[in-house]
Amino acid sequence: MTAQFAQYLVTGLTVGAVYALVALGFSIIYNASQVINFAQGEFVMVGGMCSVWLVDQGVPLPAAVVLAVAAAALLGLALEKFAVEPARGAPVVTLVIITIGASILLRGLATLVWDKKIHALKPFSGEAPLQVGGAVVLPQSLWVLGVTLAVVLLLSWFFGRTLLGKALLATSHNRLAAQLVGISVRNVMLLSFSLSAALGAVAGILVAPITFTSWDVGVMLGLKGFAAAILGGLGSGAGAVLGGMVLGIAESMSAGYVSSAYKDAIAFVILLAVLVFAPDGLLGRRVAERV
Amino acid sequence: MLEIRSLASAYGRIPALKGIDLDLRPGELVTLVGANGAGKTTLLRAISGVQPVTGGTVRISGADITRASSRHRVRLGIVQVPEGRQVFGPLSVEDNLRLGAYTRPRAEAEGSLERVYAMFPVLKDKRGSSAGTLSGGQQQMLAMGRALMAQPRVLLLDEPSMGLAPRLVAEIFACVQALRTADTAILLVEQNAGAALAIADRGYVLETGQIVLTGTGAALLADAGVRSAYLGF
């Protein structure tokens, strides 16, 4: 019983870490632009597919990972520059629709550049499972958790300790004041999109050896990440991580104890429940301000 | 120093500024007086480059900056303290100040930070608190301190006394006077026209997007039309 519980917990944390990375991407772009970027899942797909393709070409895994993340970051930059920036000043809904269009385009391009097959990336360090407290842990799970932890620490250093990170936060809080101190809102947007894309790609690469990857893997991972971001409180970094973990564990537990048939439904039930009963999410902003 | 010629701006089809001519010389304190909706804030935003202009020119020290980005203008020393203070609420007082020096090298910012803390000691006491928790007067000081971090040559102040208790208003006006130095010019927008004109070298009266009167602060204070329209006596 406890071994079983531990097993579900490990599985949930692993999946949750991936959701957390995707949710962080949603939150960063939302903070910069109030836009929910529905192409976020496509960055996950590009990360996974690109790394698989590079490894197939004979590129060593570490180099393939770096190149795939860089490719996704460039793609994020291009999305901002050529799709979002030209619509500057348009209502947020318009921008959201643009990102939906971009996601359809990217999926289509992926089927042309690569193919419609399902691919698996080789696990980073073997497949021999480890025994931890009665649970079977794949080495790849440790990679997922470790890299996610490193990314979260890096991001909290970036937003908490560097002037550039604070400029991003300042812009999300008050765009006019940010412009008046000389922060370029255009650069903030470009940086946010490429950072989010890189985060999505990292998630896509980490999970590719476990759940495999294909041209349409971004749809479900994107939606799950979106649900995690809403659950944690859109725009909150800590919320995104918490939301991702809670969602991952809830999914894994319900699949284990109830039925795996409902695994995907859990995310959307949670999403609806949060939107109805607590739209600010677990750690959403509720800032009191003096006027 | 700052030279504005027939500047025009509009919100959609509605003109907000209809050909403004305004000059600011080094070390000068100039005030802009006018009713709500006359275009005072629009003019300051156009000077800062965050409001699109439809005609005319803005020059600083002879260089045309009518189409320059707001970032470039801050670099050139055109710095604004916006209406309603607009501090970065969730960030700390010190982070707000450091962001004020965003366009400057880090080493230079340290010296400015010490000067701002010397000028507003309360900000030093609260350096770690988030800006949103400060009182209105402290937030105004923070907004002014943040602008000083950019080392302004032209300081644009939009309604610095708005919403403050009378005792604080006097304090803020004292600060404004202290800020004018030999090489910094100040353009002050105020609802409190009497107090503003009393400390100003010159003043402009703005009505529905046009300058209708200009003169020294003392002359405008004595003007019958200004007195009845903006001073209420």
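The values are calculated or read from the model by the stated rules, or taken from the named source; none is laboratory data. Here the structure is a predicted model, which is why all the values come from computation and not from measurement. In this analysis, Cβ positions are derived from the backbone assuming ideal geometry, glycine residues included, and neighbour counts consider all displayed protein chains. Each accessible area value is taken on the protein alone, full model and side chains, heavy atoms only, with ligands, DNA and RNA left out. Shrake-Rupley method; radii C 1.70, N 1.55, O 1.52, S 1.80 Å.
For the pair residue A:161 and residue A:96, label points projected 7 Å from Cα toward Cβ lie 3.6 nm apart. For the set A:122, B:124, the ranking by accessible area, highest first and with no ligand, DNA or RNA atoms included, is A:122, B:124 under a 1.4 Å probe. Distance between the C-alpha centres of segment B:1-68 and segment A:4-69: 48 Å, rounded to the whole angstrom.
Using a 1.4 angstrom probe with every protein chain in place, what is the largest-first accessible-area order of A:8, B:204, A:262? Mind dumping the intermediate values first?
On the way: A:8 40, B:204 15, A:262 135 Å².
So, going from the largest accessible area down, we get A:262, A:8, B:204.
Distance between the modelled labels on residue B:231 and residue A:127, one decimal in nanometres: 8.9 nm (7 Å Cα→Cβ projection).
Annotation: the antiparallel percentage among DSSP beta bridges lying fully within the protein assembly as shown is about 60. Taking amide H positions as modeled 1.01 Å from N, with prolines and chain starts lacking one, the residues under 5 Å from residue B:204 and 5 or more places away or on another chain are B:31, B:32, B:33. Site pair residue A:258 and residue B:25 shows an inter-label distance of 7.8 nm when each label is modelled 7 Å from Cα along Cα→Cβ.
Do you know the relative contact order of chain A, to the nearest whole percent, from alpha carbon pairs under 8 angstrom that are 6+ apart? Mind showing how you got there, number by number?
Working: 502 pairs, mean separation 107.7, N = 291.
37 percent.
Any of A:81/B:126; A:166/B:40; A:166/B:126 with alpha carbons more than 28 Å apart? Name them for me. Let's see the in-between values first.
Values: A:81/B:126 40 Å; A:166/B:40 31 Å; A:166/B:126 18 Å.
A:81/B:126; A:166/B:40, as the Cα separations exceed 28 Å there.
Between A:274, A:113, A:219, the residue with the greatest mean-square fluctuation in the GNM of chain A (Cα pairs under 10 Å linked by springs) is A:113. Multiplying the residue separation of residue A:187 and residue A:5 by 0.36 nm and removing their Cα-Cα distance gives an extension gain of 60.9 nm.
Amide H contacts of residue B:80: B:156, each under 5 Å away and 5 or more positions distant or on a separate chain (H built 1.01 Å from N in the peptide plane; Pro and chain starts excluded).
Magnitude of the charge dipole for segment A:2-277, about its Cα centre and with charges confined to Cβ atoms of Lys, Arg (+1) and Asp, Glu (-1), is about 460 debye. For the chain pair A and B, the interface hides roughly 2100 square angstrom of accessible area in total, found with a 1.4 Å probe.
Where only DSSP H runs of four or more residues are counted, chain B gives -10000 deg cm²/dmol as its mean residue ellipticity at 222 nm, each run worth -39500 (n - 2.57). Lysines within cross-link reach of residue A:122: Cα-Cα under 28 Å, excluding same-chain residues under 8 positions apart? The reachable lysines, counting only those whose Cα sits under 28 Å from residue A:122, are A:224, A:263. Charged side chains reduced to their Cβ positions (Lys and Arg at +1, Asp and Glu at -1) give segment A:62-177 a dipole of some 200 debye around its Cα centre.
Averaged over B:100-113, how many beta carbons belonging to a partner chain fall within 10 Å of each residue's beta carbon?
Details: counts 4, 3, 10, 4, 1, 0, 1, 0, 0, 1, 0, 0, 0, 0.
The per-residue average across the peptide is 2.
Each 10 Å bin from zero holds the following percent of Cα-Cα pairs in the protein assembly as shown: 4, 17, 23, 20, 15, 11, 6, 3, 0, 0. Output the 0 to 90 degree angle, nearest 10, between the alpha-carbon long axis of helix A:163-173 and the longest principal axis computed from the alpha carbons of chain A. Between helix and principal axis, roughly 70 degrees.
Rolled with a 1.4 Å probe across the full set of protein chains, the surface gives residue B:211 an accessible area near 50 Å².
Shape verdict for segment A:41-192, please, from the Cα gyration tensor: rounded (a/c under 1.5), prolate (a/b greater than b/c) or oblate.
oblate
What is the distance in Å between the Cα centres of segment A:205-239 and segment B:123-140? If you average the Cα positions of each part, the centres end up 38 Å apart.
A cut-off of 5 Å between modelled amide H atoms, ignoring neighbours fewer than 5 places along the same chain, links residue B:186 with B:28, B:29, B:30, B:155.
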